[in-house]
Amino acid sequence: MKNSSPSSPSDHLPITRDLTLAYALSLVVAVMMAVASTAGLSYKTSIYPTQELLKTFVANSNQNQMRKVETADSNWKSLYKISGGTALVFIAYSLVTMILLVAIGGQPASAQEGFAMLQENRLVGLLRLDVLTVLVMPLYYLLLGGLYTALRKTNAVYAAIAAVLGFAGVTLFLATPSVFSWLTLGDKFAAATSEAQKTLLLAAGEAILASDMWHGTGALMGGILIQVATTLFSIVLLWSNVFGKATAYVGIVTHGLDLLHCLVGFFIPIGGMILMAMAGPLYLVWFPLLARDFFRLARE
């Protein structure tokens with residue numbers, strides 16, 4: 001007795017019958033469509049015998065093109081709004097970071113101090129270990145994307161180079177060990193019952209401290225790439241007519257000083273600290289100017 005269950009499409013595979021006729025018909029249809037398109041372009045007066053029909057066709061084509069342009073402009077304006085809002089977030093971040101440095105202090109000097117901070121007050125420990133930086137840094141992708149979009153018509157090559165360098169820098173920076181690595185080790189250190197365990201965890205903490213976002217090679221190279229990118233963007237800002245000259249000049253000085261801080265700090269740490277202290281307050285000038293220009297672009 002034969003099985004009466006319905007057959008599935010896979011039961012008919014592989015196909016072994018001759019498909020030459022099907023391929024031939026498909027080719028004929030494709031040729032006919034190509035001929036029709038060529039005829040429509042070459043003999044418009046025959047296909048559209050009156051000016052009214054031709055005008056209707058052209059008008060519809062132009063209208064569709066205008067709709068596409070308007071949609072694209074609307075999308076870019078949305079990105080400019082987002083970039084302007086991102087600049088405002090960076091203003092708040094800069095202010096909060098400066099206040100926290102004065103109020104609760106900076107990074108711990110040792111793993112022992114870092115673990116003690118987390119045990120004493122977890123929130124204060126997280127803030128001193130720069131949890132805000134980890135959360136805010138990804139916003140640079142939006143800021144750099146907005147700058148590229150706005151400057152691509154001014155100088156597409158330099159804008160593209162700056163965007164690629166900036167994206168690579170942010171990615172390198174975020175890929176380094178950070179506050180979240182401290183949390184895991186801190187919890188293990190608090191639960192450790194023997195001196196041997198604590199010694200091992202302290203060694204691991206020192207390794208993280210030496211390779212974190214402020215000391216590790218990846219983070220330092222990422223910081224350099226970000227500053228090169230933003231300096232290059234600021235130079236292109238100077239050539240454009242869509243951003244204010246003040247935004248360009250302040251950006252060149254701010255990121256130029258910060259780039260020097262990264263480079264000089266390798267050889268003369270005190271010199272790097274001085275340059276960082278000079279560049280830091282200038283961000284509170286540059287970000288507002290950038291936000292103003294982005295919001296103006298979004299309104300135009």
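The values are calculated or read from the model by the stated rules, or taken from the named source; none is laboratory data. Not measured: the values here are computed from a predicted model. So basically every Cβ, Gly included, is an ideal-geometry build from the backbone, and we count neighbours across all protein chains shown.
For the stretch 73-104, give me each residue that is in contact with a helix residue (DSSP H, G or I) (Cβ under 6 Å, 6 or more places away or on another chain) and within 27 Å of residue 209 (Cβ to Cβ).
Passing the criteria: 90, 93, 94, 100, 104.
For the stretch 205-246, which positions are of a type in the set (A, V, I, L, M) and without any contact (Cβ under 8 Å) to a residue 60 or more places away in the chain?
Those that are of a type in the set (A, V, I, L, M) and without any contact (Cβ under 8 Å) to a residue 60 or more places away in the chain: 207, 210, 219, 220, 221, 224, 238, 246.
Take the stretch 249-288 and flag every residue that is closer than 16 Å to residue 143 by Cβ and surrounded by 20 or more Cβ atoms within 10 Å (Cβ to Cβ).
Scanning the stretch 249-288 gives 250, 251, 254, 255, 258, 283, 286, 287.
Has the stretch 142-155 got at least one residue that is without any contact (Cβ under 8 Å) to a residue 60 or more places away in the chain and of a type in the set (A, V, I, L, M, F, W, C)?
The answer is no; no qualifying residue exists.
May I ask you to list the residues in the stretch 165-177 that are surrounded by fewer than 17 Cβ atoms within 10 Å (Cβ to Cβ) and either in contact (Cβ under 8 Å) with a residue 60 or more places away in the chain or closer than 30 Å to residue 187 by Cβ (or both)?
Matches in the stretch 165-177: 171, 175.
List the helices (runs of 4 or more DSSP H) that sit entirely inside the stretch 151-210 and contain at least 3 residues that are among the β-branched types (Val, Ile, Thr) and not assigned by TED's automatic domain parsing to the domain that holds residue 233.
Here the list is empty.
Please go through the stretch 238-273 and pick out each residue that is in a helix (DSSP H, G or I) and under 24 Å from residue 300 (Cβ atoms).
238, 239, 245, 246, 247, 248, 249, 250, 251
Has the stretch 109-130 got any residue that is touching a residue at least 12 places away in the same chain (Cβ under 8 Å), surrounded by fewer than 17 Cβ atoms within 10 Å (Cβ to Cβ), over 13 Å from the mean Cα position of the chain (by Cα) and not in a helix (DSSP H, G or I)?
Yes, the conditions are met somewhere in the stretch 109-130.
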